[in-house]
Amino acid sequence: TAGTAVITFRNTDSFMEIRNLTIWAGTTHCIVRLTGTGAQTNLLVDNCTLQPGGGAAGIYIEGDMEELYFSNIRVQTGAYGFYFANVNEAGGSNINALARCSFRDCLFTGQTINGMRINCNTRANAISFYNVTITNSQESAIRMTRMTGATFVGLNIETAAQGFTGGAKHTTGSITAATNTLTVADATGYAINDTATIQACSTGGIDLHSVI
C-alpha cells in the first residue's frame, strides 16, 4: 500500500472505533492519526493484528489525545509497535499530550527500536497498562518522556535490551557567573519545553532544574 498508512485520519470526532482488522502495511504505518484542529477523544482500537513496514509503527499518533483505548492488539515487526510522536496539535492549540489512555491484552513483538514509544512535549498522564507483553524489541521495550502517572499490571517484557528508558540526554556545558545563559557542547536532541538538569551547580552542590 502507498501513502502515509493503510488507515489515516485527522479529525476531532469523538467515539471513533477501529475493530477486527488484520493489516499488512508494506512499507508504511498501519494506523495513523495526524494533527487536526484540536484534541481528539474516545478512540477505540480493538482486536487488530498489525504488521507495519520496517521503519514504521503499528499505531502512530500525533497531537493532543485523550481517552484512547487499545485492547487485544498484536503488532508484529516494524520499528515501533505504538508510537506517540512529539508533534504539536495544529489549529492553534499547540499541545502534544496524551491523557487517560489504556492498553489491555496487547502484544508488541519484533520491533527494531521500541515496542512502545510515548514522546510528549507537554505531558503523558493517567496511562494504564494491563497484561501487555513486549518481546524481542532491539532497544528499550518502553520509552517514555514527561510521564506523570502510569499504572502497570501484568506487564511482561522479554529479551529487550532495556525494560524502560526515558528521554534523558547528557552533555557538558559552561555558564558564566551572574548570567542566565548556559552554553552546551551538544544541543542535538534537545527541544523547547524539555526539562534540563544541571548537576551540582546550585549552592551546596544541589542540582538545578530548569526548562529550555
- State whether the residues of the stretch 90-97 include one that is surrounded by 20 or more Cβ atoms within 10 Å (Cβ to Cβ), assigned to a strand (DSSP E or B) and at pLDDT 90 or above. no
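Can you work out which of the residues in the stretch 8-20 that are assigned to a strand (DSSP E or B) and open to solvent by 60 Å² or more (accessible area, probe 1.4 Å) is modelled with the lowest pLDDT?
Let us first name the residues in the stretch 8-20 that are assigned to a strand (DSSP E or B), namely 8-9, 16-20.
Now narrow it down to the ones that are open to solvent by 60 Å² or more (accessible area, probe 1.4 Å): 8, 17, 19-20.
Details: Thr8: 83, Glu17: 89, Arg19: 94, Asn20: 95.
Restricting to residues being assigned to a strand (DSSP E or B) and open to solvent by 60 Å² or more (accessible area, probe 1.4 Å), the top hit is Thr8.
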- Across the stretch 135-144, what is the total count of residues that are open to solvent by less than 40 Å² (accessible area, probe 1.4 Å) and not small (Gly, Ala, Ser)? 3
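In the list Cys120, Cys106, Cys101, which residue meets the criterion of being under 25 Å from Ile212 (Cα atoms) and crowded, with 17+ Cβ neighbours inside 10 Å? Write out each step before concluding.
On the way: Cys106 fails: under 25 Å from Ile212 (Cα atoms); Cys101 fails: under 25 Å from Ile212 (Cα atoms).
After ruling out the rest, the residue left standing is Cys120.
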- Note on the structure: Picking from Val132, Val153, the residue that is open to solvent by less than 20 Å² (accessible area, probe 1.4 Å), in contact with a Phe, Trp or Tyr (Cβ under 7 Å, 6 or more places away or on another chain) and in contact (Cβ under 8 Å) with a residue 12 or more places away in the chain would be Val132
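Does Gly63 count as open to solvent by less than 10 Å² (accessible area, probe 1.4 Å), closer than 14 Å to Thr109 by Cα, modelled with pLDDT under 90 and not polar (S, T, N, Q)?
Details: open to solvent by less than 10 Å² (accessible area, probe 1.4 Å): yes; closer than 14 Å to Thr109 by Cα: no; modelled with pLDDT under 90: yes; not polar (S, T, N, Q): yes.
The answer is no for Gly63.
Grab the strands (runs of 3 or more DSSP E) fully contained in the stretch 141-212, keeping just those with 3 or more residues being at pLDDT 75 or above and more than 17 Å from the chain's Cα centre (by Cα).
Details: elements: 150-153, 156-158, 162-165, 173-175, 182-184, 195-198, 208-211.
Output list reads 156-158, 173-175, 182-184.
Table: residues versus (1) assigned to a strand (DSSP E or B); (2) at pLDDT below 90; (3) buried (at least 18 other Cβ atoms within 10 Å of the Cβ).
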| site | (1), (2), (3) |
| --- | --- |
| Val32 | yes, yes, yes |
| Gly38 | no, yes, no |
| Leu43 | yes, yes, yes |
| Leu50 | yes, no, yes |
| Glu67 | yes, yes, no |
| Asn72 | yes, no, no |
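The values are calculated or read from the model by the stated rules, or taken from the named source; none is laboratory data. What you see is a predicted model, and the numbers here were worked out from it, not measured in a lab. Here Cβ is always computed from backbone atoms with ideal geometry, including for glycine, and neighbour counts include all displayed protein chains. We work out accessible area using only protein heavy atoms, side chains counted, and drop any ligands, DNA or RNA first. Shrake-Rupley method; radii C 1.70, N 1.55, O 1.52, S 1.80 Å.
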